1. Can you say whether residue 194 is in a helix (DSSP H, G or I), in contact with a helix residue (DSSP H, G or I) (Cβ under 9 Å, 6 or more places away or on another chain) and more than 30 Å from residue 478 (Cβ to Cβ), as far as the supplied structure shows?
2. Of everything in region 291-315, what is touching a strand residue (DSSP E or B) at 6+ places or on another chain (Cβ under 6 Å) and either at pLDDT 95 or above or not in a strand (DSSP E or B) (or both)? Give them in sequence order.
3. Can you find a residue in region 414-433 that is surrounded by fewer than 22 Cβ atoms within 10 Å (Cβ to Cβ), free of Cβ contacts under 8 Å to residues at least 24 places away in the same chain and not in a loop (DSSP other than H, G, I, E, B)?
4. Sort through 458, 452, 447 and tell me the only one that's within 20 Å of the chain's Cα centre (by Cα) and either over 25 Å from residue 150 (Cβ atoms) or at pLDDT 85 or above (or both).
5. Residue 54 fails exactly one of the following numbered conditions: (1) over 30 Å from residue 213 (Cβ atoms); (2) modelled with pLDDT of 90 or more; (3) surrounded by 21 or more Cβ atoms within 10 Å (Cβ to Cβ). What is the number of that condition?
6. One residue is enough: does region 344-362 have a residue meeting the conditions surrounded by fewer than 16 Cβ atoms within 10 Å (Cβ to Cβ), outside any loop (DSSP other than H, G, I, E, B) and not assigned by TED's automatic domain parsing to the domain that holds residue 461?
7. So, of the residues in region 271-280 that are within 18 Å of residue 505 (Cα to Cα) and surrounded by fewer than 22 Cβ atoms within 10 Å (Cβ to Cβ), which turns out to be modelled with the highest pLDDT?
8. Kindly provide the set of residues from region 471-498 that are in contact (Cβ under 8 Å) with a residue 40 or more places away in the chain, touching a helix residue (DSSP H, G or I) at 6+ places or on another chain (Cβ under 9 Å) and more than 15 Å from residue 433 (Cβ to Cβ), ordered by number.
């Protein structure tokens, strides 16, 4: 028993006094962090709190201005990613880095043998993968093509890649972001097996519920500094949220309300397979004064649905009705003219133009109709509009002339939200509106969407975060393989039932 206790108490990773500055900005300010053998430590913090910088220093992508790192009692050379890998540190990124055209075995073994080896020793690689799979409950067929794998299976491959390289410390970056509830439970079971075998894990997540369920300790960063450290058995979600943002945080309550008229309807709509999984004979009604949630695993037709509502995609068959009429010449301009606003899935790639100013970005969808006089942009009116959005939406921004890429993710999302909600739209497409945001920004976005609903707008919420869908939506549909279920009232289905439907089992199509 004493040996077990000593083994559990062994410190395998120690970051001491890590400081990193970018000009006048101090991203990390004398941060201390340690990780013990067989322990899961959650790393929490707002956007811009310093989590990513700290992990980049750990992996040698950045060099700290001050401080030191030890792995298994030995100094880790700064600025050397190979040294981090050689020390037994592995990372599973939120967005998987697998080659779809290769098999599971080839993805796992890629880059692990000498360049002088003429060919991959598939027999020994297969035997080692089988051993690791059995030991850690990561069942997968090494001969399958990665392109044929479900999301949860791809994550297993990513974890096996790290274990195959003898990782003893795993960094998991938002590991449940694209998983169904069932896949999340399977991942947590795997993590328990990993730590039981002596591995150590840093778990980066925005989901406080999951942090409380899986972590032994929680380290919270705020403004580049260590804001606090708690054992999960001795804290609450409310306390952790307050540590993250510096004050008490409460998510708004979306109290049920009576549905208004149908403002947008899809009747037996199918789309062409030009934007991932197409929609197949979909029926959907969006009522005024209602938040309609779409729950589903990424890649099941959400992109086609969002493209359809925003006008970048047209029905191949069926009807799209706004009010009681099918608009002619469906396009993004038509959608905007009919009062359909959008909060796009990717605020960087689609929602903004990085090197344009805040002013240019906030007028980008309406400059021809609202900020143009005699064919020229009225820049004075545009600047006043930008200043009003900055004030009304509490955007931390030096000036309307600031390039939008210099803003944090939360502040960029607030501007996109303001652009969509001002003036009052008829229909709001909110596609992953809080992805990557901290708890404070999430509460702000949710409150604004509820306000828009209460003013009579129809809100379509597309989210891979099932907790968000269930807490915010008045009615819920599940999307799987391009099909959309009949609507369910909030609370009508359990999380496990919705999870099964998200995986494509027992989908009750309208």
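1. Numbers: in a helix (DSSP H, G or I): yes; in contact with a helix residue (DSSP H, G or I) (Cβ under 9 Å, 6 or more places away or on another chain): yes; more than 30 Å from residue 478 (Cβ to Cβ): yes.
Considered against the rule, which asks whether it is in a helix (DSSP H, G or I), in contact with a helix residue (DSSP H, G or I) (Cβ under 9 Å, 6 or more places away or on another chain) and more than 30 Å from residue 478 (Cβ to Cβ), residue 194 comes out as yes.
2. First pass over region 291-315, keeping only residues touching a strand residue (DSSP E or B) at 6+ places or on another chain (Cβ under 6 Å): 291-296, 300-302, 306, 309-310, 315.
Within region 291-315, 291, 292, 293, 294, 296, 300, 301, 302, 306, 309, 310, 315 meet the criteria.
3. Among the residues of region 414-433, not one is surrounded by fewer than 22 Cβ atoms within 10 Å (Cβ to Cβ), free of Cβ contacts under 8 Å to residues at least 24 places away in the same chain and not in a loop (DSSP other than H, G, I, E, B), which makes the answer no.
4. On the way: 458 fails: within 20 Å of the chain's Cα centre (by Cα); 452 fails: within 20 Å of the chain's Cα centre (by Cα).
Within the list 458, 452, 447, the selection yields 447.
5. (1)
6. Taking region 344-362 first, the residues surrounded by fewer than 16 Cβ atoms within 10 Å (Cβ to Cβ) are 346, 348-350, 353-356.
With the extra rule that they be outside any loop (DSSP other than H, G, I, E, B), the set shrinks to none.
Within region 344-362 (the criterion being surrounded by fewer than 16 Cβ atoms within 10 Å (Cβ to Cβ), outside any loop (DSSP other than H, G, I, E, B) and not assigned by TED's automatic domain parsing to the domain that holds residue 461), the answer is no, since none of the residues qualifies.
7. At the first step, the residues of region 271-280 found to be within 18 Å of residue 505 (Cα to Cα) are 277, 279-280.
If we keep only those that are surrounded by fewer than 22 Cβ atoms within 10 Å (Cβ to Cβ) as well, we get 277, 280.
Values: 277: 89, 280: 94.
My answer is 280.
8. Our first condition is that a residue be in contact (Cβ under 8 Å) with a residue 40 or more places away in the chain; within region 471-498, this holds for 471-484, 487, 490, 495-496, 498.
Add one more test, that the residue is touching a helix residue (DSSP H, G or I) at 6+ places or on another chain (Cβ under 9 Å), and what stays is 471-472, 474, 476, 478-480, 482, 484, 490, 495-496, 498.
Correct list: 474, 476, 478, 479, 480, 482, 484, 490, 495, 496, 498.
The values are calculated or read from the model by the stated rules, or taken from the named source; none is laboratory data. Given the structure is predicted, the values throughout are model-derived calculations rather than measurements. Quick reminder, even Gly has a Cβ in these numbers, built from the backbone with ideal geometry, and neighbours come from all protein chains shown.
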